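Visitor: My questions will all concern the structure given below.
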Amino acid sequence: QVSLVETGGGLVQAGDSLRLSCAASARTFDTYSMGWFRQTPGKEREFVAAIPWYGSNTFYSDSVKGRFTISRVNARNTVYLQMNSLKPEDTAIYYCAAAFRKSFTIATMVDYWGQGTQVTVSS
């Protein structure tokens with residue numbers, strides 16, 4: 001069982017930056033691919049970014065590519081999402097995700113979810 005706890009959400013203005021953190025309880029954190037999804041009311045959970053357990057490749061949705069950066073520090077059991085140049089359409093609940101696989105880009109591939117953290121971007 002893996003517990004994921006997200007922190008770092010909040011209310012910001014368009015153009016600002018935020019960094020989300022996700023702390024994992026897994027003793028074998030470095031064997032899990034990690035990622036972030038987001039969800040707004042009435043919509044399905046949307047892939048944002050992912051990073052494999054070995055960390056050398058990263059994957060992004062087209063809507064955040066060039067603005068968001070995912071990274072991980074295995075020694076800290078933590079994955080980060082640096083979000084720059086935020087837009088109102090980035091407003092959502094952001095969920096940390098873990099999967100015992102090489103990588104993932106869809107929600108059905110995720111094994112564990114965090115509780116989510118709200119990000120609100122005002123115009």
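The values are calculated or read from the model by the stated rules, or taken from the named source; none is laboratory data. The model shown is predicted, which means the values in this text are computed figures rather than measured ones. Neighbour counts run over all protein chains shown; Cβ positions are idealised from the backbone, glycine included. Accessible surface is based on the protein model in full, side chains and every heavy atom, while ligands, DNA and RNA are left aside. Shrake-Rupley method; radii C 1.70, N 1.55, O 1.52, S 1.80 Å.
Visitor: Any residue in region 67-89 that is out of contact with any strand residue (DSSP E or B) (no Cβ under 6 Å at 6 or more places or on another chain), hydroxyl-bearing (Ser, Thr, Tyr) and more than 18 Å from Asp111 (Cα to Cα)?
Guide: yes
Visitor: Would you check which residues across region 65-123 are more than 14 Å from Met34 (Cα to Cα), in contact with a Pro (Cβ under 6 Å, 6 or more places away or on another chain) and not hydrophobic (A, V, I, L, M, F, W, C) and list them?
Guide: Within region 65-123, Ser123 is the sole residue that qualifies.
Visitor: Considering only region 14-37, state which residues are open to solvent by 50 Å² or more (accessible area, probe 1.4 Å), among the hydroxyl-bearing types (Ser, Thr, Tyr) and modelled with pLDDT of 95 or more.
Guide: Matches in region 14-37: Ser17 only.
Visitor: Also, quick follow-up: Would you call Lys87 on the phi < 0 side of the Ramachandran plot, within 14 Å of the chain's Cα centre (by Cα) and either open to solvent by 60 Å² or more (accessible area, probe 1.4 Å) or of a type in the set (A, V, I, L, M) (or both)?
Guide: No: the conditions fail for Lys87.
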